[in-house]
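Written out below as structure tokens is the structure these notes cover.
The values are calculated or read from the model by the stated rules, or taken from the named source; none is laboratory data. Being a predicted model, the structure only gives us computed values, none of them experimental. As a convention, Cβ positions derive from the backbone with ideal geometry for all residues, glycine included, and neighbour counts pool all protein chains shown.
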């Protein structure tokens, strides 16, 4: 066992079970361990490193701003925050943005804002507002958020939990309409469920969900923390259906793979319920985060990384679908967010990603059933081919692998 792994196991909390590799350096789509071995990153820190490791423009923005001004607080204005807020609104189509640090903070902000909107605008009786969520959701790890998770491990031992959430099946618009009451404030939904195993809803689901929400005066809040900023082949996953919800949550890639940056963006009527003192964050909107976040959005647009994700994602998907292996039950996803469902009668997805590790590919399983493939958006065709060949080699350890006829 590596002495670094032993040291972490001795002094660290055991809330993670990392793969047995000690990473020490990254460049582009590649990572190196402390022994000098190279790996192709097919996880991107769950989309947080969508622009790759060491992107020169992002490093330049980080270093220049860190030397100039990093953190004051929102007690004062800064020259970096206003252009960042304007860019978020331009990208999302929303009227106002509220910056935070983590995706979970963005979700908590959405919960508070939509509840206050329900009381002040919709006139729901005090403390009666309900938010509809979906089974299989993953919106973060705070005690409020895990309280409405359907994953038992996320909940076990952490209660009691806050009331006010109603859970329905994902992808089921009939269930959504049935769950709505006069006390419903909002519908909180992921365009694609990542942690649940890259679950893609039926085509038109988001469009119909928005129609139902509009009909019943319910806010539709879309969690784009993982799916946003190019990951699915559009700047936002909602752009596949061309909808404009009431609010959007961003995170992960917004920090350029360098620092935690998130944001809650919403229509004027929704965000307008906040007053000074209602909500805040010590680090949310700091000058360093704003500078990196702004440059992340500029890099995304200037380098057309959403379009690249669409092209490379379609190519990766096609190549994975062409693999015939008794280990593969399904391949699904959109853009560069793809799940390979494993036949767990043969091996768990955890065992499979450990096999991938030995072949030089970094991935992570979800719930022991699906291996996730979400490389940095800068990946090229040659690197995709290299990754697919390593995936084929890894699958070959569990049975014969063939190429399906075209």
Please find, among 274, 283, 264, the residue that is more than 16 Å from the chain's Cα centre (by Cα), at pLDDT 95 or above, under 22 Å from residue 116 (Cα atoms) and surrounded by 18 or more Cβ atoms within 10 Å (Cβ to Cβ).
274
Which residue, of 23, 69, 7, is without any contact (Cβ under 8 Å) to a residue 24 or more places away in the chain and more than 25 Å from the chain's Cα centre (by Cα)?
7
State yes or no: is residue 320 surrounded by 19 or more Cβ atoms within 10 Å (Cβ to Cβ), closer than 21 Å to residue 53 by Cβ and touching a helix residue (DSSP H, G or I) at 6+ places or on another chain (Cβ under 8 Å)?
no
Tell me whether the range 62-81 contains one or more residues that are in a helix (DSSP H, G or I) and closer than 20 Å to residue 272 by Cβ.
yes
Quick check: is even one residue across the range 73-83 in the same structural domain as residue 148 (by TED's automatic domain parsing), within 30 Å of residue 243 (Cβ to Cβ) and touching a helix residue (DSSP H, G or I) at 6+ places or on another chain (Cβ under 8 Å)?
yes
Among the residues of the range 216-237, is any over 22 Å from residue 53 (Cα atoms), out of contact with any helix residue (DSSP H, G or I) (no Cβ under 8 Å at 6 or more places or on another chain) and either surrounded by fewer than 24 Cβ atoms within 10 Å (Cβ to Cβ) or not assigned by TED's automatic domain parsing to the domain that holds residue 106 (or both)?
no
Sort out which residues of the range 356-371 are in contact with a strand residue (DSSP E or B) (Cβ under 8 Å, 6 or more places away or on another chain) and surrounded by fewer than 24 Cβ atoms within 10 Å (Cβ to Cβ), and write them in order of number.
357, 360, 362, 364, 365, 366, 369
What's the total number of residues in the range 130-153 that are surrounded by fewer than 17 Cβ atoms within 10 Å (Cβ to Cβ) and out of contact with any strand residue (DSSP E or B) (no Cβ under 9 Å at 6 or more places or on another chain)?
6
I'd like to check something: does the range 35-46 contain any residue that is in contact with a strand residue (DSSP E or B) (Cβ under 8 Å, 6 or more places away or on another chain) and over 19 Å from residue 253 (Cα atoms)?
yes
